[in-house]
Structures are given as C-alpha cells and as structure tokens.
Ligand code: NDP
C-alpha cells in the first residue's frame with residue numbers, strides 16, 4: 001500500500017496517455033487519467049483518424065475519371081460535405097467510446113477535468129480538489145500554433161476544418177509541412193480552390209529533396225496553386241472573406257485562411273515550471289531517455305515533449321515508461337529509423353536518411369527510378385512515382401528509402417522493417433519481385449544513378 005491516492009496519475013487522454021494508463025493498470029497499479037476535452041486526443045479526435053477519412057473521401061474525385069477510362073459508365077457526382085461530416089463525427093464518437101471502455105475495462109479511474117500540477121506528487125483538478133500520486137505522467141500533447149502576426153486569429157487551423165458548416169469555395173493554406181500539404185490535397189480533392197503559401201524554397205523541408213520535389217510537382221499538376229518563397233504579409237476581414245496581401249505583392253480574398261505553421265506543446269498554465277520541471281524553448285517538457293523530467297516523480301511522453309510528433313512514437317514512449325517504472329526494467333525509447341508517411345496525393349513514405357543528410361555523413365550510392373505507374377497511365381494520367389534507396393558505399397546498408405506513390409504509406413511500413421534490420425542493397429536484390437506491382441522496383445534497381 002502506498003500513502004498516495006494513486007500509483008499513477010496520467011494527465012491527457014490521447015494515444016500516449018491512454019496506452020500508459022491501461023498497461024500500467026494491467027500491472028495491478030492504481031491508476032487515474034484526467035482529460036479536459038474528449039478521450040482519444042489529437043490522433044482520434046482532430047488528427048490522424050479524421051484526416052485519413054477525409055483523404056479517402058477526397059480520393060474519389062479522380063476515381064470517377066479513372067473508372068470511365070477503365071470502361072465504366074459513371075457520372076461525376078457532387079460531394080456532400082454535411083452528409084460526410086455527420087458520418088465522420090459519428091465515427092469519432094464511436095472511437096471515443098472505445099477508448100473510454102478500454103480504460104474502464106482496465107480499471108483506470110477516468111476523471112473528466114483539466115488537471116494541473118500542484119507539487120511533485122499532487123495534481124489539482126478544475127474543481128480545486130486534489131489527488132496525490134506516486135508517479136505523474138504528463139501526456140497533454142500539442143495544439144496548432146498561429147504565426148505571430150497582426151490578425152492571425154482571422155485564420156483557422158486543422159482543428160477547425162472538421163467542424164466547418166460548409167466547405168469553402170476557396171482557401172489559403174499557409175505552411176509547407178505535413179499538415180499544410182495533406183490538407184491542400186484533401187481540400188483540393190473535395191473541390192475547394194486551394195492556394196498554398198510556403199515561405200521556403202520547397203515544401204516538406206527536411207525530407208529527401210528529390211522526393212519532396214516530386215510531391216510538389218504532382219500537387220501543382222493536380223491543381224493546388226502552390227506559391228513557394230511566399231508568405232502572408234497582411235490580412236484583414238473584408239466583404240466575402242479574408243483579404244490577404246502576400247510577400248509576392250498579390251492581394252486576394254479567400255473564404256478561409258488556414259494556418260498549418262507548426263504545433264506548440266500544451267504546457268501553459270500546468271504549473272510545471274513552478275514545481276521544477278524544466279521546459280524547452282518552445283515550451284516543451286524536457287525529459288531524459290526514459291521520459292523522466294527534472295522532478296523524479298514526474299514523467300512526460302508524446303507531443304508535449306516535442307521529440308517526434310507521431311502517434312506511434314507516443315505509444316512507444318508510453319510502453320517504455322511502463323517498463324521502466326512499473327516493471328523495473330529501465331527502457332529507452334528508440335527514436336532511430338522511424339518510418340512515416342505524408343498523406344498527400346501522391347503519398348510519400350520515408351524511412352532513414354535523405355540523400356542530402358546521408359552525403360553529409362558518408363559516401364553513398366543512390367538508386368532511384370521514376371516512372372508512370374500502370375494503373376494511372378492506362379487511365380491517361382501523367383502521374384509519376386518515385387522509388388529511391390540511399391545506400392552506404394562502405395557497408396552497402398540501405399540508409400534511407402523514399403517512396404512517392406499511391407499507397408506509399410503502406411509500402412514504407414514494410415520496407416521500414418528491412419531498413420531497421422540493417423538490410424543491405426544486396427538483401428533487397430536477393431528478394432524476388434512481386435509482379436506486376438509498383439513496389440517491385442525497390443528490388444530491381446540494378447545500377448546507381450549517382451554516387452558521392
Ligand atoms: P511542421 O513543423 O511539419 O510544419 C510547419 C510548417 O509551417 C513549416 O513548413 C514551416 O516552415 C511553416 N511555418 C512555421 N512558422 C511559420 C510562420 N510564422 N510563417 C509561415 N510559415 C511558417 O508542422 P505541422 O503543423 O505541419 O505538423 C506538426 C507535426 O505533426 C509534424 O511535425 C508531424 O510530426 C505531425 N504530423 C504527422 C502527420 C503524419 O504522420 N502523416 C500528419 C500531420 C502531422 P519552415 O519549413 O520554413 O520552418
């Protein structure tokens with residue numbers, strides 16, 4: 001028996017917090033979880049899940065044309081946003097229910113309240129009552145961040161998209177990261193006129209140059225009005241929407257402006273600094289390899305730590321936390337070689353080093369092919385795909401794999417296993433191709449296109 005109300009108090013009911021609470025409770029620990037909004041967090045309520053369902057919805061637009069090219073007699077239909085949105089929210093309600101039942105079934109006390117830290121072992125709830133715990137886990141995630149400019153609050157964020165009463169006729173999306181690019185493609189697919197401003201030279205900074213170059217080209221070819229090296233200079237509420245003056249001198253009125261300019265950790269007003277938890281420059285909680293903060297009884301996982309902002313990473317961090325604290329097996333989270341996908345159209349899947357990053361480290365051979373895939377070419381599309389391997393000259397290990405293609409997310413999950421296992425280019429070559437597929441090119445690239 002401890003002298004505390006709980007062995008573990010989790011703040012935040014997102015993917016990381018819920019997983020940690022459940023698996024800790026399964027060890028026999030007494031666990032509570034507080035959530036101020038809806039169970040499921042960013043991933044389930046306003047991120048990965050609703051986003052992916054919108055990706056599916058938006059992909060049907062091209063399918064009508066393709067079906068006709070394949071001999072089907074189909075007419076173009078109109079997208080009914082309210083009908084889709086109702087179904088979308090019913091699905092999110094269902095998933096939230098699943099999360100609640102999972103917690104309940106694991107014996108976790110669910111507290112529907114905001115919770116802040118009063119001291120190293122005490123949590124304060126919105127009604128000012130307190131709960132004590134041997135360990136406190138902060139898993140409060142992050143939120144979209146608006147740029148620091150006049151009238152930025154005229155803009156919406158990805159949080160608002162799912163709640164729109166009607167789809168806008170036109171939208172300006174600001175940013176060039178995952179969220180900006182994904183929503184540019186989704187909204188374009190749903191019939192919205194999309195303009196995208198990115199302040200840098202090419203979208204998806206940090207990813208392989210050749211791969212992001214192709215995504216950018218394909219997005220523009222499909223009809224996204226992408227302006228590189230461009231940002232918002234001024235914005236005002238005007239008749240008919242939001243007037244925007246851009247750094248390139250253009251002035252346009254859009255129905256909406258959406259900022260996808262990064263996400264900030266949810267640490268404000270949590271009392272973290274007051275009890276001695278160190279915060280980083282962006283307000284993120286500073287943790288060690290075991291997700292422990294400067295206060296030994298307080299741990300933090302997921303987006304609030306701003307390590308890698310991905311759901312499966314938060315879940316890994318949750319599992320490692322429980323191993324460390326409740327199984328007595330100190331376990332570091334492995335943040336090396338994390339595969340990820342950007343659900344643009346076409347998708348991009350990536351694991352490991354970009355060509356540019358690898359070249360800075362060691363001499364490499366680059367194997368790369370770009371071609372028109374059979375399914376789309378037959379339908380008369382000019383879409384191209386890209387398969388690329390970055391290979392160490394010395395060890396022959398595949399250091400990076402980059403795919404731009406329909407279903408690239410599915411492909412990179414599997415290629416990621418080989419890369420994580422340390423496969424060499426020759427291991428890829430020894431694998432017989434699955435024919436005819438797009439991904440067979442990954443095992444049939446003979447000669448490097450360049451070395452250096
Ligand atoms: P990112 O950090 O990926 O991108 C932010 C973008 O906004 C960058 O292009 C950045 O430009 C730009 N930007 C930042 N500040 C300003 C400003 N003041 N004015 C103009 N542009 C600005 O953030 P996101 O919001 O797109 O995504 C957050 C995280 O969520 C991602 O890092 C990712 O980990 C995760 N995510 C993952 C998804 C997936 O796995 N498919 C999907 C969605 C999100 P610059 O490059 O010049 O800094």
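Tell me the strands (runs of 3 or more DSSP E) entirely within the range 270-383 that contain at least 1 residues that are within 30 Å of residue 23 (Cα to Cα) and in contact with a strand residue (DSSP E or B) (Cβ under 8 Å, 6 or more places away or on another chain).
298-300, 340-342, 347-352
Among (1) within 15 Å of residue 208 (Cβ to Cβ); (2) in contact with a strand residue (DSSP E or B) (Cβ under 8 Å, 6 or more places away or on another chain), there is one condition residue 424 misses while meeting the rest; what is its number?
Against the list (1) within 15 Å of residue 208 (Cβ to Cβ); (2) in contact with a strand residue (DSSP E or B) (Cβ under 8 Å, 6 or more places away or on another chain), residue 424 comes up short only on (1).
Do we have residue 261 as part of a loop (DSSP other than H, G, I, E, B), surrounded by 22 or more Cβ atoms within 10 Å (Cβ to Cβ), within 16 Å of the ligand (Cβ to nearest atom) and at negative phi here?
yes
Determine whether the range 90-108 contains at least one residue that is loosely packed, with under 14 Cβ neighbours inside 10 Å, away from the ligand (no atom under 16 Å from the Cβ), without any contact (Cβ under 8 Å) to a residue 40 or more places away in the chain and more than 26 Å from the chain's Cα centre (by Cα).
There is at least one residue in the range 90-108 that is loosely packed, with under 14 Cβ neighbours inside 10 Å, away from the ligand (no atom under 16 Å from the Cβ), without any contact (Cβ under 8 Å) to a residue 40 or more places away in the chain and more than 26 Å from the chain's Cα centre (by Cα).
Considering only the range 281-291, state which residues are more than 13 Å from the ligand (Cβ to nearest atom) and under 29 Å from residue 49 (Cα atoms).
Result: 283, 285, 286, 287, 289, 290, 291.
Can you pull out the residues in the range 250-285 that are closer than 21 Å to residue 123 by Cβ and without any contact (Cβ under 8 Å) to a residue 12 or more places away in the chain?
273, the sole residue that qualifies.
If you go through the range 88-97 one residue at a time, do you hit one that is in contact with a strand residue (DSSP E or B) (Cβ under 8 Å, 6 or more places away or on another chain) and assigned to a helix (DSSP H, G or I)?
There is no residue in the range 88-97 that is in contact with a strand residue (DSSP E or B) (Cβ under 8 Å, 6 or more places away or on another chain) and assigned to a helix (DSSP H, G or I).
Could you list all residues from the range 40-75 that are more than 14 Å from the chain's Cα centre (by Cα), part of a loop (DSSP other than H, G, I, E, B) and surrounded by 19 or more Cβ atoms within 10 Å (Cβ to Cβ)?
The answer is 40, and nothing else.
Count, please, the residues in the range 419-433 that happen to be assigned to a helix (DSSP H, G or I) and within 11 Å of residue 337 (Cα to Cα).
3
Here, each number is a calculation from the coordinates, and none is a lab measurement. Note that the structure is predicted; figures quoted are calculated from it, not measured. Methodologically, a virtual Cβ is constructed for each residue, glycine included, from the backbone with ideal geometry; neighbour enumeration extends over all protein chains shown.
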